[in-house]
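The values are calculated or read from the model by the stated rules, or taken from the named source; none is laboratory data. Predicted, not measured: the structure shown is a model, and the values here were computed from it. All Cβ positions, glycine included, derive from the backbone under ideal geometry; neighbour counts span all protein chains shown.
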C-alpha cells in the first residue's frame, strides 16, 4: 500500500507544479494597465504565448536642472529574455527628438512576469541625457517605476 501512496503523492505534486506553470503562461491578446506614475502600459502576447510587444509611457522628472523633465514612451518588440515561465526582461537605448530642438538619449531596462494568464507586473527604469545642438544640457531619470496589466 505504501508504494501506491507515494505514487499518488508524487502525481499530486506534479499536478500542482503543472498548475503553477500554466497559471504563469500569458494568454494571447492585449493586456492593458497603468504605471506607478498613472500612465498607460500594455503588453501584447502572441499565439505562442511569447511577449510580442511591451509599451509604456513615462516621465523622467528627476533632473540635474531644477526645471527639467523628459516625457516619453518606450516600446520594446519581442523582449530578448523570455525563459518560458511567463517572465521577460530587456534593456536598450535609443534617441528621441522633442519639438523644440532637444534630443533625449535614453537608456532603459524593463522586467516583468505574468502571475496568471492575464495579470502581469514589473519594473521599468530610464535615464535620459538631454542635448541641444550636440551639447549636453541635462540628465534626468525616472527612478524605479512599477507597472501592472490585466
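Data table
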item	result
Residue check, residue 113 exposed (fewer than 12 other Cβ atoms within 10 Å of the Cβ) and assigned to a strand (DSSP E or B)	no
Among residues of the range 126-150, those that are part of a strand (DSSP E or B) and closer than 21 Å to residue 32 by Cβ, counted	6
Yes/no for residue 87 being touching a residue at least 12 places away in the same chain (Cβ under 8 Å), under 16 Å from the mean Cα position of the chain (by Cα) and surrounded by 15 or more Cβ atoms within 10 Å (Cβ to Cβ)	yes
Failed condition for residue 97, given (1) out of contact with any helix residue (DSSP H, G or I) (no Cβ under 6 Å at 6 or more places or on another chain); (2) under 30 Å from residue 27 (Cβ atoms)	(2)
Qualifying residue in the range 39-47 (condition: exposed (fewer than 14 other Cβ atoms within 10 Å of the Cβ), within 24 Å of residue 140 (Cβ to Cβ) and at pLDDT 95 or above)	no
